[in-house]
Amino acid sequence: MTEKELYQLRFPIGIFESPKVITKEDIQKWIKIIEKFPSKIQEITQDVGVQEINWKYRPNGWTIKQVVHHCSDSHINALIRFKLALTEDTPTIKPYPEHLWAELIDSQNDNLNDSILILQGVHHKLVQILKNLKKEELKKEFIHPEYNRRYSLEENIGVYAWHCEHHLAHIQQALNAQGKYI
């Protein structure tokens with residue numbers, strides 16, 4: 001497999017590129033993506049059996065179950081990051097080693113229900129916050145030490161909308177590959 005093919009498998013929708021100017025329409029579109037994500041995860045995985053949730057989306061990639069459990073972990077962190085930025089002065093967030101979290105016992109669980117329930121609750125809370133952000137709050141920032149940069153909340157809404165679509169594409173990719181990458 002070529003480098004280009006591996007890259008396309010890793011980033012099936014490409015990488016997130018923030019618009020130079022983020023519009024109200026961008027924000028609304030991204031919030032809708034975030035709002036619908038838990039139901040889309042549930043829908044795409046509801047008829048998937050244990051064999052299939054152990055399929056990978058690329059060579060050396062995560063299984064479907066690891067992707068779902070990762071989204072739960074990641075989006076819990078997203079909610080916390082938004083809340084920190086809204087209540088502190090440009091806080092430095094704590095990154096986490098997602099590749100190691102994906103190996104923990106809860107990320108190896110064949111039952112996706114807990115992570116889907118977490119996603120439903122976290123997204124409900126997150127969307128409630130996002131829909132009520134004032135213009136000046138969208139400009140608030142946090143520092144991500146892993147990337148050594150500041151993220152505004154408006155940009156971070158786009159990052160998490162992309163993250164939702166990115167991992168939905170991974171799940172679909174794994175299902176389409178039908179166990180090819182195990």
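Coordinate-derived values only; no laboratory data. Computed from a predicted structure; not experimentally measured. Here the Cβ is made from the backbone with ideal geometry for all residues, glycine too, and neighbour counts use every protein chain on show.
When Val68, Val127, Val50 are ordered from fewest to most other Cβ atoms inside 10 Å of their Cβ, what list results?
Details: Val68 26, Val127 17, Val50 9.
The fewest-first ordering by Cβ neighbours comes to Val50, Val127, Val68.
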Exposure rule at most 12 other beta-carbon atoms within 10 Å, DSSP loop GluC sites (Glu not before Pro): the chain longest free segment:
18-87
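Using the structure shown, select from Lys65/Lys131; Lys32/Lys56; Lys36/Lys125 the pairs with a Cα to Cα distance greater than 22 angstrom.
Checking Cα-Cα distances, Lys65/Lys131; Lys32/Lys56 exceed 22 Å.
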Could you work out the pair-distance distribution P(r) of the stretch 40-160 from its alpha-carbon pairs, with 10 angstrom bin width and percents rounded to whole numbers?
12, 39, 31, 16, 2
Enumerate by residue number the trypsin sites (Lys or Arg not before Pro) in the stretch 1-65 meeting two conditions: DSSP loop (anything except H, G, I, E, B), and at most 12 other Cβ atoms within 10 Å of the site's Cβ.
Lys20
To the nearest 10 degrees, how steep is helix 113-131 against the longest Cα principal axis of the chain, on a 0 to 90 scale?
20
Please work out the Cα center distance from the stretch 7-58 to the stretch 119-169, rounded to the nearest Å.
14
As a footprinting exposure proxy, order Val48, Val67, Val21 by other Cβ within 10 Å, with the fewest listed first.
Val21, Val48, Val67
